[in-house]
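Input: a single structure, listed below in structure tokens.
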Amino acid sequence: MPNPFFINSGPFNILEILKILKINLKIEENQIVKDIKDLFSAEKDCITFFHSKKYNEIAKKTKASYCITTQNLKDHLPNSCTAIVVNNVLISTSLVTQKFYPNSIEDEYDNSVSNINDTNFKDKVIAGKNVLIGENVKIGKNCLIGHNTIIERNVQIGDNCKIGSNTILRNSIIKNHVTILDNCIIGKKGFGFFPSKNKNLKYPHIGIVIINENCEIGCGATIDRGSLSNTEIGKNTYLDNQIHIAHNVKIGENTIIAGQVGIAGSSTIGNNVKIGGQAGISGHLRVGNNVEIGGGSGVIKDIPDNAKVMGYPAKSIREFLKDNR
Amino acid sequence: MPNPFFINSGPFNILEILKILKINLKIEENQIVKDIKDLFSAEKDCITFFHSKKYNEIAKKTKASYCITTQNLKDHLPNSCTAIVVNNVLISTSLVTQKFYPNSIEDEYDNSVSNINDTNFKDKVIAGKNVLIGENVKIGKNCLIGHNTIIERNVQIGDNCKIGSNTILRNSIIKNHVTILDNCIIGKKGFGFFPSKNKNLKYPHIGIVIINENCEIGCGATIDRGSLSNTEIGKNTYLDNQIHIAHNVKIGENTIIAGQVGIAGSSTIGNNVKIGGQAGISGHLRVGNNVEIGGGSGVIKDIPDNAKVMGYPAKSIREFLKDNR
Amino acid sequence: MPNPFFINSGPFNILEILKILKINLKIEENQIVKDIKDLFSAEKDCITFFHSKKYNEIAKKTKASYCITTQNLKDHLPNSCTAIVVNNVLISTSLVTQKFYPNSIEDEYDNSVSNINDTNFKDKVIAGKNVLIGENVKIGKNCLIGHNTIIERNVQIGDNCKIGSNTILRNSIIKNHVTILDNCIIGKKGFGFFPSKNKNLKYPHIGIVIINENCEIGCGATIDRGSLSNTEIGKNTYLDNQIHIAHNVKIGENTIIAGQVGIAGSSTIGNNVKIGGQAGISGHLRVGNNVEIGGGSGVIKDIPDNAKVMGYPAKSIREFLKDNR
């Protein structure tokens, strides 16, 4: 699937890419690189990146023609993939992503918007005052959009959706029967950058936010879009007020998340999970299916299916209650 | 007091109500049911509900003509009250409430609003740009309302109130001398529903929010209205920024609540209470008068009057400091 | 530097000031007091305050002509400074500050604003719909301002800044190359008042917010202005979403703060600090340079340079992990 939101500025000649990376590499000239993708989804003529031995098995089977990697890892790549050895894989990947998707670094407001009354949605959508709609937006049947809400360019909204007031949607796909309440900001770039003295280097975010059928998103939510993958919320999952979902997070179906919870980047939450108010989940964790996490908990390691945990750091609720009798 | 915000679609014939519940009951026909209320406030010709033995004593004295309850509890009801025995009292109550108050399930934006300059408030209220006012709003003397703020239908605001910018008021009564700062959302429905695979059943919220004299509400607050009872904040209570108050919470007078605190549904906080930043209070708890709760605490049981607590779970501050020396 | 945002209603005759404080003092008549400042920055003909022996050394050298203080502390003042002895220094200081700066108590919306298209910024700034700009605002070259954003009177914005949508700036100086995302409220008064039964006494806030070069402020931030000193964020410091920074906080350079963190009043955070999501820092603390604070931590005492801490209360991360094995 081509990226639905960010326009690929490529293809580029491989020499242009090597120039950005300040790499001199004996390489066949006039080779075209058409996109940057992760190891798994990259096809022939794409460039990818490989920065941790965790991904050895996927790396062996990549179809990418080029791969930004390190001296230590490069031998895992197949013969069909030319290694581009760099000092810092993530910074180099960031620079190349920025070349392909220059608009994915900043979150500038969408200046393509018009008042909904000046668009074709005027008679199709029931909308409040001062609603702004960007170019190439799709909105299904029977939708409501509250006052002062901004639907930026390319956003897709299904049928029977209710969007509150003062909400901003950007780079997102909203499926049918979804309710999003007031003051939400959905689809802005994640908090990703390479720290650097005096001027951090911002990481591109070409992922999107997908909210599936029957979800409800409470007031004041911030749900950031992914960097290279997407942020996704499964069907019939309900979020209370003031929740923060960071980039690349995946949340399953039928999950319930109480107020002021925060989920850090790239964590995965299963189906039928219940998370109590103010709990926090650290980044890059896996929380299984049917898990219950008590209010105020701080989860700092993976949680297996069916576990009930509480505390900071979160442990089995039985242990928590015993320790705190 | 009739509900000031939600229009009662009743009265209904009792047979119509039994039909919703799919109950066959030998019952006198042509009986009218005029409203649904809790055990305590229900009058003759009302229907109520009774789902926990905690309420035995109140049930014995209810004036309701009908009561949704269980096989085990029904014998506590007085003879004047006909028991309607169901499997799940709360789901059945929800269905009947929805029948009486169909507009209490969703939080659709108020499409009755007009720009304040097109209303009678034009010369009475000092208002910023793009202020929207719904039908049947009352605003007292000497009030200020900031830019882009939305006062939805039926809201009542007293004298000498200051409402900030980008704030949304709904289903609320604001007394005199109240300050509400920017970006607040006050009076939206609570986070209440019956989880159900694929499509949760949303719970009606026919309660309101009452904010009493001299209160200050900080920026970014979310204060949800009650389900059957109200959410209420006592006189001269001050809330800092980014606070979440869930449905049915009652907060006393002269209480001080620091930033990012969250109070879960149906908890009661006393008078002269101090709550430090980021503390969380679980649902259905009672925090007494003159209590001090340290910043970051997680309160998971009732706190008696005059106690000073801290920690997660919160315990006496003396014990907390001893344990953490 | 004269206060750039709050207009000094003075000078006042010292007798007028004594009258507010209900103090009878044998004093040379017709003396003029031109401003109220802290012990360190007060000059001749200013009034200052001195309420804790922590400030003995600074008090000895103050250049102020008058000082609100206590019986116990007054002997530390130099002969050039007349002590005004009161029961409660902070309340008295508040009353006098309010006399000089009557507009610093409340946060009324700025009614001087106009739509940017009706101002001189129309062709200079790239702005979204419904952007409001107050009197005497300065905006540098090459700036973007998103939809519905309000830049209140006197705010100064440097070159190459990007301000999101639905954001409110007040009493703030924003330096070059700063990004502020959506739904932020920057520069409102802090949560400072003297609790008093039935009607709290609000504390004046004549400090401002300064955000230095290359910072990024995430969505939904609340950054309160200082009371007598400023709230300041150092160069190249990045804040994630939903962060609360209270009055008088100083944050250093190159610091990284993850989502939902709260920093209570008057705390100081060093350079190159990393703070994990949902951590809280109590008031009046000093966090050193190069400190790392784990997500969810509750910091309740000073942290020395280079420390790595975690937990609630926060302790060395080594200890935290050992205790929680």
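The values are calculated or read from the model by the stated rules, or taken from the named source; none is laboratory data. Quick caveat, the model's predicted, so the values are computed rather than measured. Virtual Cβ from ideal backbone geometry, glycine too; neighbours counted across all protein chains shown.
Below are the figures for this structure:
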| read-out | value |
| --- | --- |
| Region B:194-229, residues that are over 8 Å from the mean Cα position of the chain (by Cα), assigned to a loop (DSSP other than H, G, I, E, B) and modelled with pLDDT of 95 or more | B:ASN212, B:GLU213, B:ASN214, B:CYS215, B:GLY218, B:CYS219, B:GLY220, B:ALA221 |
| Residue check for A:ILE116: of a type in the set (A, V, I, L, M, F, W, C) and away from chain B (no Cβ under 14 Å) | no |
| Leading residue by the ranking (farthest from the other protein chains (Cβ to nearest Cβ)) among those in region B:173-196 that are out of contact with any Ser or Thr (no Cβ under 9 Å at 6 or more places or on another chain) and of a type outside the set (A, V, I, L, M, F, W, C) | B:LYS175 |
| Residue list for region A:197-243, filter: basic (Lys, Arg) and within 11 Å of chain B (Cβ to nearest Cβ) | A:LYS235 |
| Flag for C:ILE14 being of a type in the set (A, V, I, L, M) and more than 25 Å from the chain's Cα centre (by Cα) | yes |
| Residue selected from region C:309-325 under the condition part of a loop (DSSP other than H, G, I, E, B) and more than 9 Å from every other protein chain (Cβ to nearest Cβ), by the criterion surrounded by the most Cβ atoms within 10 Å (Cβ to Cβ) | C:ALA314 |
| Check on C:ILE126, among the β-branched types (Val, Ile, Thr), in contact (Cβ under 8 Å) with a residue 24 or more places away in the chain and not assigned by TED's automatic domain parsing to the domain that holds C:PHE49 | no |
| Any pair with Cβ under 9 angstrom, 6 or more apart, that starts in region A:57-84 at a residue that is among the hydroxyl-bearing types (Ser, Thr, Tyr) and ends at one that is part of a helix (DSSP H, G or I) | A:SER65/A:ILE14; A:TYR66/A:ILE14; A:TYR66/A:ILE17; A:THR69/A:ALA59; A:THR69/A:HIS76; A:THR69/A:VAL89; A:THR70/A:VAL89; A:THR82/A:ILE14 |
| The one condition in (1) without any contact (Cβ under 8 Å) to a residue 60 or more places away in the chain; (2) hydrophobic (A, V, I, L, M, F, W, C); (3) under 17 Å from A:TYR101 (Cα atoms) that A:LEU39 fails to fulfil | (3) |
| B:SER41 vs. criteria over 23 Å from the mean Cα position of the chain (by Cα) and surrounded by fewer than 22 Cβ atoms within 10 Å (Cβ to Cβ) | no |
| Enumeration of residues in region B:244-256 that are within 21 Å of B:SER229 (Cα to Cα), at the interface with another protein chain (Cβ under 9 Å from one of its Cβ atoms), of a type outside the set (Gly, Ala, Ser) and assigned to a loop (DSSP other than H, G, I, E, B) | B:GLU253 |
| Total residues in region C:270-292, condition in contact with a Lys or Arg (Cβ under 7 Å, 6 or more places away or on another chain) and within 27 Å of A:HIS247 (Cα to Cα) | 1 |
| Selection status of B:ASN176, under 23 Å from C:TYR109 (Cβ atoms) and buried (at least 24 other Cβ atoms within 10 Å of the Cβ) | no |
| Whichever residue in region A:242-275 is surrounded by fewer than 24 Cβ atoms within 10 Å (Cβ to Cβ) and under 19 Å from A:GLY220 (Cα atoms) and, among such residues, is modelled with the highest pLDDT | A:ILE256 |
| Any hit, region C:281-289, residues being within 28 Å of A:ILE185 (Cβ to Cβ) and out of contact with any Gly (no Cβ under 6 Å at 6 or more places or on another chain) | yes |
| Residue that is surrounded by the most Cβ atoms within 10 Å (Cβ to Cβ) [pool: residues in region B:145-154 that are touching a Ser or Thr at 6+ places or on another chain (Cβ under 8 Å) and facing chain C (nearest Cβ under 10 Å)] | B:ASN148 |
| Any hit, region B:289-302, residues being buried (at least 20 other Cβ atoms within 10 Å of the Cβ), without any contact (Cβ under 8 Å) to a residue 40 or more places away in the chain, within 13 Å of chain C (Cβ to nearest Cβ) and in contact with a helix residue (DSSP H, G or I) (Cβ under 8 Å, 6 or more places away or on another chain) | yes |
| Filtered residues of region B:158-172 (kept if away from chain C (no Cβ under 14 Å) and closer than 20 Å to B:ILE245 by Cα) | B:LEU169, B:ARG170, B:ASN171, B:SER172 |
| A:GLU232 being of a type in the set (D, E, K, R) and not in a loop (DSSP other than H, G, I, E, B) | yes |
| Members of region B:257-284 that are touching a residue at least 60 places away in the same chain (Cβ under 8 Å) and either among the hydrophobic types (A, V, I, L, M, F, W, C) or facing chain C (nearest Cβ under 9 Å) (or both) | none |
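Quick grid of which residues meet (1) touching a Phe, Trp or Tyr at 6+ places or on another chain (Cβ under 8 Å); (2) over 17 Å from C:THR179 (Cβ atoms); (3) surrounded by fewer than 17 Cβ atoms within 10 Å (Cβ to Cβ):
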residue: C:PRO78; (1), (2), (3): no, yes, yes
residue: C:ASN87; (1), (2), (3): no, yes, yes
residue: C:SER94; (1), (2), (3): yes, yes, no
residue: C:ASP107; (1), (2), (3): no, yes, no
residue: C:ILE116; (1), (2), (3): no, yes, no
residue: C:THR119; (1), (2), (3): no, yes, no
residue: C:ALA127; (1), (2), (3): yes, no, no
residue: C:GLN156; (1), (2), (3): no, no, no
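Residues are listed down the side, and each one gets a yes or a no for (1) within 27 Å of C:ASN115 (Cα to Cα); (2) surrounded by fewer than 24 Cβ atoms within 10 Å (Cβ to Cβ):
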{"site": "C:GLY140", "(1), (2)": "yes, yes"}
{"site": "C:ILE180", "(1), (2)": "yes, no"}
{"site": "C:ASN183", "(1), (2)": "yes, no"}
{"site": "C:ASN200", "(1), (2)": "no, yes"}
{"site": "C:HIS205", "(1), (2)": "no, no"}
{"site": "C:GLY220", "(1), (2)": "yes, no"}
{"site": "C:LYS235", "(1), (2)": "no, yes"}
{"site": "C:ASP240", "(1), (2)": "no, no"}
